[in-house]
1. At a threshold of 8 angstrom on Cα-Cα distance, excluding pairs fewer than six apart, so keeping six or more, what relative contact order does the chain reach in percent?
2. With contacts defined as alpha carbon pairs under 8 Å and 6 or more residues apart, what's the relative contact order of the range 74-252 in percent?
3. If you add up the charges near Pro488, with Lys and Arg at +1 and Asp and Glu at -1, over every other residue whose beta carbon is less than 12 angstrom from its beta carbon, what do you get?
4. Among the aspartates and glutamates, select those whose C-alpha is under 15 Å from the C-alpha of Lys72, and discard any that sit fewer than 8 residues away in the same chain.
5. Karplus couplings for the range 226-241 from phi (6.51 cos²θ - 1.76 cosθ + 1.60, θ = phi - 60°), rounded to Hz, Gly and Pro as x?
6. So how do 425-434, 404-413, 65-74, 632-641 stack up, highest first, on mean other-Cβ count within 10 Å?
7. What net charge is computed for the residues neighbouring Ile87, neighbours being all others with C-beta under 12 Å from the C-beta of Ile87, Lys and Arg scored +1, Asp and Glu -1?
8. Would you mind classifying the range 464-545 by shape? Square roots of the alpha carbon gyration tensor eigenvalues, ordered a ≥ b ≥ c; an a/c under 1.5 is rounded, otherwise it is prolate if a/b is larger than b/c and oblate if not.
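Every read-out reported here was derived from the displayed coordinates using simple, explicitly stated rules and does not represent laboratory data. Just so we're clear, the structure is a prediction, and the values are computed from it rather than from any experiment. Positions of Cβ are backbone-derived with ideal geometry, glycine not excepted, and every protein chain shown enters the neighbour counts.
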Amino acid sequence: MPTHRTYLKTTFKWLTLVAVFLSASVVLFSYLVYRQLEEQLPDVKQLHHVQYQIPLSIFTADHQLIARFGEKKRIPINAEDIPRQQINAFLAAEDDRFYEHPGVDYQGLLRAVIQLILTGKKKQGGSTITMQVARNFLLSREKTYVRKIKEIILALKIEQEYSKDKILQLYLNKIYLGHRSYGIAAAALTYYGKPLSELDLAQMAMLAGLPKAPSNYNPVTDPERALLRRNYVLRRMRELSYIDQQQFDSALNAPVTAALNSNDSEFSAPYIAEMVRQKLYEQYGEEAYTRGLNVYTTITSELQSTADHALKYALHAYDQRHGYRSLPHKKQDPAKPFAADVVGDTQIAVITALTDKSATAILADRAEITLPWRNIEWARAFKSRYSLGAKLKSPSDILAVNDLIRVRQLEDQSWALAQVPETEAGFVALNPQTGAILALSGGFDFFHNKYNRAIQSKRQPGSGFKPIIYTTALEHGFTPASIINDAPVVVEGPNQESNWRPENYSRKFFGPTPLRTALRKSRNLISIRLLRELGIAEVSQTALRFGFKQEQLPNSLSLALGSGYATPLQMARMYATFANGGFLIEPYFISRIENKNGEIEFEHEPAIACPDCEETHSTHPGYAPRIISREVNFLMNSLLRDVVQRGTATRAKRALQRSDLAGKTGTTNEQRDAWFNGFTSEIAATAWLGFDDSKPLGRGETGSRAALPMWIEFMKTALKDQPEHALEKPDGIGRAFINPQTGLLARPDSETGIWEYFRHKNMPTQYSPAPISNEQGDPSLGTGLF
């Protein structure tokens, strides 16, 4: 009979065999599972060529960031550019043994397994940074044991293939940190509006606390919980000796300074940004928002900000001429918080005190401001576009304590009573040699109304269209001295009641008038007589050469008064032709596109206006086509300069003190549209102002009064360093001393004679029959020509 010892030995032997068998089975099973899973795993080498989803970035020509478009905000950053303490903060929060383990922290895994056995619940934990890289780049987000095993295997492979710094770089560029921000560089801008290198320790710890649960520990949506998480990260950093006690104490006491910086731009140009976004979407589709393209526009920050200011300046000036509409005022307790509600350059404020000479108010940020009487007295009550209330005697005539008002800050830093303008405006400036858009503003506030009036509005150009008629006339033998009768015109309709009787703006008739004077004074009746003489078809053909479409040109004599339609951009392009010597340029706003690696994918090569390249113009694609001759262009420049020097736009001459300004005002029927189109040889710009629903602007609101100030305000900056350019006469042009009343030659001794330009083939050869005597005349000028 076996002894008890023998029984124990036998039992132990069998148990050992069973254990060995089970262990071998587990090993074999694990190996088979591993082999099977390994065949399903992606290749970790693909991490050498990671393609992040990077947003579309748009810049000015001088490299100021305008906007980013894309669902995911991400700015990839190299490991060596990440501050050391920022790395330490993430290691303390996520994986303090990162530089010690081989990709899998067995201690952490063991703790997670014990937690599972004790509680029966899976809790987050055990994942290293390397395992998170494996999951984020190579696996799905499903929470299964099989995925966890795959994660472990891939982590071990990743550690064999990549350095620790490379793994950290992948992780810190990939992680989601809330508010559409992926990666720490984007998160720094989102929460603090500055790059990683400028964050303090407390801010770094706040970012490091986000990966655990970006929505729960978000410093914007839940600052209290975010503060607890940040302080946990700081304590871990202190425990691991990443920071000393002084650094810990200072960071622990730092307030939560995060604020959502959804607009991470450096420069505001939203209308241009939207134009670029639409263009890139047409070309690349949804990939435009993920490829990391960097688009450099043609606008410069100085000219664009000047255009935006000029547009607002003109709108406020018009608005103030027509009175204060913002009555009755709403009331607000200044002690209680209120929203800033910024629209354009205006914001909300509350009146806190009044005197006879000023008003005191408080802004939404609690700053106290003073409104001097000179910035309030404009606010006579609005009655209609044609009448105002009585003049104000003191601020209390219009304001009271606790009134909720709008204010804006002027260039001299003083504050003024304001209102959101009812009218709108558009402005665009071009380089006439290349077509590059230098500045473009489509309205008072893009975020209040996204309609881009500079490129989308279809407005009647009014008298701004007249240079097309005068160009056609000069091409058909008319001269600046040609005499046209400024007399009533009746265009017959189906019956007498429908007859059209157009008028000059002054409602007067001036009789025989030279073309130069007619354009300078913008005489409507002469434009109609010219159009009737030349023919609508002929003038329309000229307009088509200037880039207009047939549907923009009515087939009636009203075409002479600009009754078709055009956008400010089209008008600027038209006047760029006169500015550049007679060539039709193509406006563009994208200079180049670079991929995320800085390689150029597209670079615009404009067809340039080149008067000195005439011989190759017909064959060389790099040159813009000539659409009017040198001689006709010179004469048109002379006529359009006269508009500024002596005509409807003399305000520009007085303000800018230059002799090389040229252009044309435009005002449509009942002052529904106000324009000024002007240029020098360096820049062509168009300003438009009106109501979106085409209501009349009011009595006296002509292009000269409403739109020209916008153009002047822009040109003060645009031309400040530009030398004046004289009008250079081409070989085919001469001058003659003429009688302005007849257009014929004047005697050298004439006291009323003037010098006028002519094409050689159109030079007058006859003397005026009117005898003009002047004994002091110069007989050497007997022919009147030179």
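1. Numbers: 1494 pairs, mean separation 81.3, N = 786.
In percent, rounded to a whole number, it is 10.
2. Details: 225 pairs, mean separation 43.2, N = 179.
24 percent.
3. +2
4. Qualifying aspartates and glutamates at Cα under 15 Å: Asp264, Glu286, Glu287.
5. With the stated coefficients, the range 226-241 comes to 4, 5, 4, 5, 4, 5, 4, 4, 5, 5, 4, 5, 5, 4, 8, 6 Hz.
6. Values: 425-434: 26.8, 404-413: 14.7, 65-74: 19.0, 632-641: 22.9.
The peptides rank, most packed first, as 425-434, 632-641, 65-74, 404-413.
7. For residues surrounding Ile87, the net value is -4.
8. Since a/c reaches 1.5 but b/c is at least a/b, the shape of the range 464-545 is classed as oblate.
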